[in-house]
Amino acid sequence: MKNLSFDDFFKIATGNEPFPYQRRLALSESLPMLLDVPTGMGKTAAAVMGWLWRRYCGGEIAGKTSNAVRAETPRRLVYCLPMRVLVEQTRDEAKKWVQNLLQAGLLSNSEAPKVHLLMGGEVDSDWDIYPERNAILVGTQDQLLSRALNRGYAMSRYRWPVHFALLNNDCLWIMDEVQIFGAGLPTTTQLQAFRNSLGTYAPAHSIWMSATLHPDWLKSIDFKDKIDKTAAFVLDGADKGCKGIAARMEADKPILKAGTELTKDTVKKYAETLAKEVLQAHQSGALTLLVINRVDRAKEIFRELRKATAKSSTAPELLLLHSRFRPAERKGKMRNLFSPIPANGRIVLATQVVEAGVDISAKVLFTELAPWASLVQRFGRCNRKGEHLRGEARIYWIDIDSSMKEADFKPYEIEELGNARKTLVTLSNAGPKHLQKVEATQKISHVLRRRDLADLFDTTPDLAGNDVDVSRYIRDSENIDVHIFWRSWDGEAPPQDMAEPSADELCPVPVYAFKEFLKGKDKQAWRWNGLDGAWELVRGETIYSGQEYLLHQKMGGYDPDLGWDKDGTAQVPVLTGVVQSAPDKTDADYNSIKNWQILKEHNKLVGSKMNNIVKALGNCILPTAELEKAAIWHDSGKAHVKFQEFLCGDDEAKMKEAIWAKSPFRNRKHKRPYFRHELASGLAALQNGQSDLVAYLAAAHHGKVRLSIRSLPGEKIPDDSKTRFARGIWEGDELPPTKLADGVMMDRTVLDLEPMEMGTGKNGPSWLARTLKLRDDYGPFRLAYLEALLKAADERGSREQEAGHE
């Protein structure tokens, strides 16, 4: 690649010549914070290809050597989108570009970045055990921001710290279409402010992109001093003179007010009247797009369109698209959306899901009145590349009368719709060049503060299994979701071994709508309680955002054609052929149930993996010696007799043979409920003279024992009521002398649970005081990153042993 220009690199990957601004972005001395470019101008390609070039380039940039540019360019590109329907499209584009570079020999299989989709119920999670590899991570603001806040939606709570670490260290965040991020926008700026002030391992940078971007939107309380109007990266004269951009900028988009309005007088016939107007405006062989603000209204109009075209031999193809479908059905709809237009044309009825990033171009566009930023995005789906001649394309806006009920305006405010109406009545053309002088506003809601972030570092649930709700930092209240999946089983309660849902099964549903659904007769929902290792029946008041809930298929609530339907009573089809995994429990040790392996040999493998990881992470200074010690001590607690009994069962000869780390036995339960060997490891490390950091990393490497030590309801209680106990560890439990590694011997250790008490004891500060000091000394992002490295080394060592490559 040494003699390859960026233009050649871009063309090989995408098949197109880069626009001038795309080239300037890739070759800029430093990455900008704001990319303010009109819709349809290739912002996704600019961001992804710019990152690829800077990570893999062979030439100098602004006088910096390629090694220097690579070192300051983060390993992980985190592409954050506001809508679910965009993530697969963005993932597929990025995969295609990387594959083209591979086929051209510009990347090797070993160095090429893997492209991952971060969704609830994901099975492909290998990216998080290879922190040293380049990766492109694509997801919605729900999935990415919840993980960046250490409360990952629809994933195992015990992996939260790993994703928190990897999404805040060594990463370049791209926020695309930020004008519709809502409450999530100030969270992105605050997180970047905290990365700057609290510190990260390796660079962490953010770029915000939008066609209606204003620098003032990003001026949250801790980030406001970082933004000024000169920070925006915009089109210049060279761009506007470029043929491809000029055609888009000059695209003709006459805009008219639709004949149909939503008023108190028309509301009952609104769906029927609008369906007739849309069919009359539709042209054969072309795409007509209708964008409606609410899912329930969109479904009603879709039913009217189906009814009106049911008996016609020349009826256009109809497609309903919104955010309340399971991914399995949504993927099929997206394939239809991008397939060739049939002879009779296609009418797509959609909600806000098509506002941003969906590369379609309608000849006729109908849109309900919406905030100006949303309207600009919708206009961008009509005559997108200027392919239609002057006067051929049309946009119709549908007024919503200000006297309607507040619910009819949702998810928007009456005031912002009124402001948009004032602009629309003065507008005769919605082409990009006509919209440049119209500025949109952005409403700021809840703001994440430093204290909030510090509190979120602790992932310990309360005694009822509940957690801090981060939804207010991610979405506006109207858009806060839970994830529902449907299964079939005999009896009232689900079986305890029922698998967790796969990503394709999860249907996003607004919290308020699901609570309303559960008020129906005989409606029951279930949630997995990881503390108790059981499915528990839930009530409406216990529903909160980001969680997964199980319904029996006979409860209804979903139609494959219409999506979530709270009034639907038909039995819901259960998806088959999806990959599922066992539900996680606080006392589960799935990774320990493999083949027989002596503890010393396991530690040796983990230490080797840790050395490989640290060596590959050459662009950050790590506490290498402490990480190596943590790899040696992380499983020292497995020497505990109760863990050895768990591994060996009744095989006394095997118990005497060695101190084991792994065994092939499955479906065993600990004799002491909630037993956690890593708590014993942390205590043993502390009592054997290791640092607080080594002790913490040893205890935290499964994500189940971190800042606090406490007993749980349902634990087995020692006979002596004065004996301290927590997570199956009892005060006075002994660990026998154990060889942990070559040259490292753990002496007989009597476990002391004094650190679980508050204050300073005879052996020093409490566990909580020690861990809080570590959090504050290292910073939450760095400390979690060290956890993630040990977790990665441990899992990779276990996998290698399982595969027999010792």
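If you check Ala308 against the conditions, is it more than 20 Å from Val358 (Cβ to Cβ) and not charged (D, E, K, R)? Let's see the steps before the verdict.
Working: more than 20 Å from Val358 (Cβ to Cβ): yes; not charged (D, E, K, R): yes.
Spelling it out, Ala308 is indeed more than 20 Å from Val358 (Cβ to Cβ) and not charged (D, E, K, R).
Report yes if Gly491 is surrounded by fewer than 18 Cβ atoms within 10 Å (Cβ to Cβ) and over 24 Å from the mean Cα position of the chain (by Cα), otherwise no. I'd like the intermediate steps shown before the answer.
Values: surrounded by fewer than 18 Cβ atoms within 10 Å (Cβ to Cβ): yes; over 24 Å from the mean Cα position of the chain (by Cα): yes.
So Gly491 fits the description; yes.
One line per residue, one yes/no per condition, for (1) basic (Lys, Arg); (2) open to solvent by 10 Å² or more (accessible area, probe 1.4 Å); (3) modelled with pLDDT of 95 or more:
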| position | (1), (2), (3) |
| --- | --- |
| Ala661 | no, no, no |
| Pro664 | no, yes, no |
| Arg672 | yes, yes, no |
| Leu679 | no, no, yes |
| Asn688 | no, yes, yes |
| Asp692 | no, yes, yes |
| Leu697 | no, no, yes |
| Ser721 | no, yes, no |
| Asp752 | no, yes, yes |
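Within the stretch 503-533, restricting attention to residues that are of a type outside the set (Asp, Glu) and touching a Pro at 6+ places or on another chain (Cβ under 9 Å), the residue that is nearest to Gly714 (Cα to Cα) is Leu531.
Test Arg76 against the stated conditions and say whether it is over 21 Å from Val234 (Cα atoms) and in contact with an Asp or Glu (Cβ under 8 Å, 6 or more places away or on another chain). I'd like the intermediate steps shown before the answer.
Numbers: over 21 Å from Val234 (Cα atoms): yes; in contact with an Asp or Glu (Cβ under 8 Å, 6 or more places away or on another chain): yes.
Answer is yes for this residue.
For the stretch 419-426, the condition of being more than 30 Å from Gly199 (Cα to Cα), in a loop (DSSP other than H, G, I, E, B) and open to solvent by less than 30 Å² (accessible area, probe 1.4 Å) holds for none of the residues. Filtering the stretch 631-681 to residues that are aliphatic (A, V, I, L, M) and part of a loop (DSSP other than H, G, I, E, B) leaves Ala658, Ile659.
Does the stretch 319-354 hold any residues that are open to solvent by less than 30 Å² (accessible area, probe 1.4 Å) and either of a type in the set (Val, Ile, Thr) or closer than 18 Å to Ala393 by Cα (or both), and which are they?
Taking the stretch 319-354 first, the residues open to solvent by less than 30 Å² (accessible area, probe 1.4 Å) are 319-327, 330, 332-334, 337, 345-354.
Result: Gly345, Arg346, Ile347, Val348, Leu349, Thr351, Val353, Val354.
Quick check on my filter: what residues within the stretch 723-756 are of a type in the set (Ser, Thr, Tyr) and over 20 Å from Phe646 (Cβ atoms)? Scanning the stretch 723-756 gives a single hit, Thr723.
Filtered by the rule that a residue be in contact with a helix residue (DSSP H, G or I) (Cβ under 7 Å, 6 or more places away or on another chain) and farther than 25 Å from Thr460 by Cα, the stretch 714-739 gives Leu735, Pro736, Thr738, Lys739. In summary, Gln179 fulfils each of the numbered conditions (1) in a helix (DSSP H, G or I); (2) open to solvent by 10 Å² or more (accessible area, probe 1.4 Å); (3) modelled with pLDDT of 95 or more with the single exception of condition (3). Pairing each residue of the stretch 69-94 that is within 20 Å of Arg326 (Cα to Cα) with any residue that is open to solvent by 10 Å² or more (accessible area, probe 1.4 Å) and at pLDDT below 85, provided the two are 6+ apart or on different chains, yields C-beta distances under 6 Å for Pro82/Ile180; Leu86/Gly357. Counting only strands (runs of 3 or more DSSP E) wholly contained in the stretch 64-172, the ones carrying 3 or more residues that are open to solvent by less than 10 Å² (accessible area, probe 1.4 Å) and touching a helix residue (DSSP H, G or I) at 6+ places or on another chain (Cβ under 9 Å) occupy 76-81, 135-140. Residue-level check: of (1) open to solvent by less than 20 Å² (accessible area, probe 1.4 Å); (2) out of contact with any strand residue (DSSP E or B) (no Cβ under 8 Å at 6 or more places or on another chain), Asn293 misses just (2). The single residue among Ala695, Ala658, Ala699 that is within 24 Å of Pro161 (Cβ to Cβ) and in contact (Cβ under 8 Å) with a residue 40 or more places away in the chain turns out to be Ala695. Mind checking whether some residue in the stretch 7-14 is on the phi < 0 side of the Ramachandran plot, in contact (Cβ under 8 Å) with a residue 12 or more places away in the chain and of a type in the set (Lys, Arg)? No - not one qualifying residue is present in the stretch 7-14. Applying the condition of being within 15 Å of Leu735 (Cα to Cα) and among the aliphatic types (A, V, I, L, M) to the stretch 647-659 and asking which residue is surrounded by the most Cβ atoms within 10 Å (Cβ to Cβ) yields Ile659. For the stretch 687-717, the tally of residues that are of a type outside the set (Gly, Ala, Ser) and within 11 Å of Thr771 (Cβ to Cβ) stands at 8. Considering every residue within the stretch 41-61, establish whether at least one is in contact with a Ser or Thr (Cβ under 7 Å, 6 or more places away or on another chain) and β-branched (Val, Ile, Thr). Scanning the stretch 41-61 turns up at least one residue that is in contact with a Ser or Thr (Cβ under 7 Å, 6 or more places away or on another chain) and β-branched (Val, Ile, Thr).
Residues in the stretch 18-28 that are assigned to a loop (DSSP other than H, G, I, E, B) and either of a type in the set (S, T, N, Q) or without any contact (Cβ under 8 Å) to a residue 40 or more places away in the chain (or both): Pro18, Leu27, Ser28. Taking the criterion of being surrounded by fewer than 17 Cβ atoms within 10 Å (Cβ to Cβ) and either under 18 Å from Leu27 (Cα atoms) or within 26 Å of the chain's Cα centre (by Cα) (or both), the residues of the stretch 231-249 that qualify are Ala231, Val234, Asp236, Gly237, Ala238. The single condition among (1) open to solvent by less than 10 Å² (accessible area, probe 1.4 Å); (2) without any contact (Cβ under 8 Å) to a residue 60 or more places away in the chain; (3) closer than 30 Å to Thr624 by Cβ that Thr189 does not satisfy is (3). Out of the residues in the stretch 314-357 that are touching a Phe, Trp or Tyr at 6+ places or on another chain (Cβ under 8 Å) and not in a helix (DSSP H, G or I), which is farthest from Tyr412 (Cα to Cα)? The residue in question is Leu318.
Could you check, for the stretch 576-599, whether at least one of its residues is touching a Lys or Arg at 6+ places or on another chain (Cβ under 8 Å), open to solvent by less than 20 Å² (accessible area, probe 1.4 Å) and modelled with pLDDT of 80 or more? So far as the stretch 576-599 goes, yes, one or more of its residues are touching a Lys or Arg at 6+ places or on another chain (Cβ under 8 Å), open to solvent by less than 20 Å² (accessible area, probe 1.4 Å) and modelled with pLDDT of 80 or more.
In the stretch 723-750, the residue that is least open to solvent (accessible area, probe 1.4 Å) out of those that are in a loop (DSSP other than H, G, I, E, B) and of a type outside the set (D, E, K, R) is Gly728.
Residues checked against (1) assigned to a loop (DSSP other than H, G, I, E, B); (2) over 26 Å from Ile621 (Cα atoms):
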{"residue": "Ile12", "(1), (2)": "no, yes"}
{"residue": "Ser30", "(1), (2)": "yes, no"}
{"residue": "Leu35", "(1), (2)": "no, yes"}
{"residue": "Gly40", "(1), (2)": "yes, yes"}
{"residue": "Val48", "(1), (2)": "no, yes"}
{"residue": "Gly59", "(1), (2)": "yes, no"}
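The values are calculated or read from the model by the stated rules, or taken from the named source; none is laboratory data. Note that the structure is predicted; figures quoted are calculated from it, not measured. Because the Cβ atoms are built from the backbone with ideal geometry, glycine has one as well, and the counts that use them run over all protein chains shown. Only protein heavy atoms, including side chains, enter the accessible area calculation; ligands, DNA and RNA are left aside. Shrake-Rupley method; radii C 1.70, N 1.55, O 1.52, S 1.80 Å.
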